[in-house]
Amino acid sequence: MKIPTSLIEIAEKVGNDITLVQGPGGNISYKKNNIMYIKASGTKMSDAKKKNIFVKTDLLKIITAIESNDPDPIKNSWSGDGLMKPSIETSMHAIMPHTYVLHVHCVNTLSWIVQKNFQKRIGIHLKDIKWIAIPYKKPGVCLSNALKVPLRESNANVIFLSNHGIIAGSNSANDVFSIIKNISQKLFLGELEKKIIDFSKIDKYLFNKKYKLPEYEYVHQIAFSYKYSQMATKGIIFPDQIVFLENGIRYINNYDEFIKICNLEDNKLPILIIKNVGVLVPKCLKEVSEDILLGLFMTILRIPQNNSISYLNNSDIKDIINWDMEKHRQMMNK
Ligand SMILES: [Zn+2]
């Protein structure tokens, strides 16, 4: 059985759209004759045409394991070398009945699904779409278990995963992409008006060799809004923030506060939002973390300012920190 060209093409297209996926986030799958091809954990969708990013799995085995509440339903469901493991989110793809399933961390969608009670307000933008929303669960088997009954009862093909992303299913790769793109466009209601960055104000901070400018200029924008800066520093809004921005984000008012933070060891340095100046990132910050940071700030800057955020709680955060599957994803992106 061959991997359909359309699967590879859509994977690459989605992977190149940073408003849909950042770093190794998001995944896509294809099912046929009790086999499911799914993106390997830690690989990037944007690499779909450059190399094989898919793992062949035994769908029947996974579904049977999920139905019998196996704590590790994807165990022994694939073959191949040790580095190509199926995505953390394989079980979620398996229980979707559709041939093609696409899951993304779309920033336009995230700007809604991190808000408290978004379910009551989102529907008006989603007429003609069969959707449901479920509360935050740790990605993987906890999430797919939480999804089983609502999915069966609703017959929905679009599911909003609170504080995480969106998953959609259809019978063609192009169609599932259109569904996601359409929702993304409908849920974009605007973002913070952009300010011109005065880089001469940032220069003095750069004499210190511990920090550098962020890869994406866009991320500076948050520094011009106290409210959005608070949203970014008060808590964790999605799991990849824990995995790839592990030293957190701090808001500082001036150079004196900056110097104090520079006394920290290199591997403890947080991202810094400098009031009305811009954003600095630790010199050692990796490309994948730059992408996650951009996704996070794009999400926040799209949230209407009078809305409140539903942050992940401490036990959600601990579950992600201590999770071996996430350690594998981190390792693949070193
Ligand atoms: Zn995800």
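The values are calculated or read from the model by the stated rules, or taken from the named source; none is laboratory data. Computed from a prediction, not measured in an experiment: that's the story for all the values here. Glycine gets a Cβ as well: all are built from the backbone with ideal geometry, and neighbour counts include every protein chain shown.
Could you give every pair whose Cβ atoms fall below 8 Å, whose first residue belongs to segment 14-29 and is assigned by TED's automatic domain parsing to the domain that holds Lys56, and whose second residue is more than 13 Å from the ligand (Cβ to nearest atom) and part of a strand (DSSP E or B), counting only separations of at least 6 or pairs across chains?
That search, which allows pairs on different chains as well, returns Ile28/Tyr100; Ser29/Met36; Ser29/Tyr37; Ser29/Tyr100.
Somewhere in segment 281-291, is a residue loosely packed, with under 13 Cβ neighbours inside 10 Å and under 20 Å from His105 (Cα atoms)? First the steps, then the outcome.
Taking segment 281-291 as the starting set, the residues that turn out to be loosely packed, with under 13 Cβ neighbours inside 10 Å are 283-284, 287.
From what's left, under 20 Å from His105 (Cα atoms): 287.
Yes.
When the residues of segment 103-151 are narrowed to those that are closer than 23 Å to Ser172 by Cβ and either exposed (fewer than 13 other Cβ atoms within 10 Å of the Cβ) or of a type in the set (D, E, K, R) (or both), which ends up nearest to the ligand (Cβ to nearest atom)?
Lys130
If I ask for residues that are out of contact with any Pro (no Cβ under 9 Å at 6 or more places or on another chain), surrounded by fewer than 17 Cβ atoms within 10 Å (Cβ to Cβ) and either assigned to a loop (DSSP other than H, G, I, E, B) or not charged (D, E, K, R) (or both), which ones from segment 189-212 would you list? I'd like the intermediate steps shown before the answer.
Within segment 189-212, the subset out of contact with any Pro (no Cβ under 9 Å at 6 or more places or on another chain) is 191-209.
Among the residues that remain, those that are also surrounded by fewer than 17 Cβ atoms within 10 Å (Cβ to Cβ) are: 193-196, 198-201, 203-204, 206-209.
Correct list: Glu193, Lys194, Lys195, Ile196, Asp198, Phe199, Ser200, Leu206, Phe207, Asn208, Lys209.
Would it be correct to say that Tyr251 is buried (at least 17 other Cβ atoms within 10 Å of the Cβ) and without any contact (Cβ under 8 Å) to a residue 40 or more places away in the chain? Lay out the reasoning, then the answer.
Values: buried (at least 17 other Cβ atoms within 10 Å of the Cβ): yes; without any contact (Cβ under 8 Å) to a residue 40 or more places away in the chain: yes.
When the stated conditions are applied, Tyr251 passes them.
Please work out which residue is farthest from Pro97 (Cα to Cα), limiting yourself to segment 152-187 and to residues that are within 16 Å of the ligand (Cβ to nearest atom) and more than 17 Å from the chain's Cα centre (by Cα). Give the derivation first.
Pass one, segment 152-187, residues within 16 Å of the ligand (Cβ to nearest atom): 158-169, 176, 180, 183-184.
Still in the running and more than 17 Å from the chain's Cα centre (by Cα): 169, 176.
Working: Gly169: 8, Val176: 13 Å.
Selected residue: Val176.
Just checking, how many residues over segment 72-86 are part of a loop (DSSP other than H, G, I, E, B), touching a helix residue (DSSP H, G or I) at 6+ places or on another chain (Cβ under 9 Å), surrounded by fewer than 24 Cβ atoms within 10 Å (Cβ to Cβ) and among the hydrophobic types (A, V, I, L, M, F, W, C)?
Adding up the residues that qualify gives 1.
Residues that are within 16 Å of the ligand (Cβ to nearest atom): which helices (runs of 4 or more DSSP H) entirely in segment 213-279 hold 1 or more of them?
Numbers: elements: 226-234, 239-244, 255-262.
Result: 239-244.
Does His93 qualify as being within 16 Å of the ligand (Cβ to nearest atom) and touching a residue at least 24 places away in the same chain (Cβ under 8 Å)?
On the way: within 16 Å of the ligand (Cβ to nearest atom): yes; touching a residue at least 24 places away in the same chain (Cβ under 8 Å): yes.
When the stated conditions are applied, His93 passes them.
Listed here are the residues, each with its yes/no results for (1) in a helix (DSSP H, G or I); (2) out of contact with any Pro (no Cβ under 6 Å at 6 or more places or on another chain).
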| position | (1), (2) |
| --- | --- |
| Ile88 | no, no |
| Ser91 | yes, no |
| His98 | no, yes |
| Leu110 | yes, yes |
| Asn117 | no, yes |
| Ile124 | yes, yes |
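Taking Val114 and the conditions (1) β-branched (Val, Ile, Thr); (2) touching a Cys at 6+ places or on another chain (Cβ under 8 Å); (3) closer than 17 Å to Leu189 by Cα, which numbered condition does it fall short on, given that it satisfies the others?
The number of the failed condition is (2).
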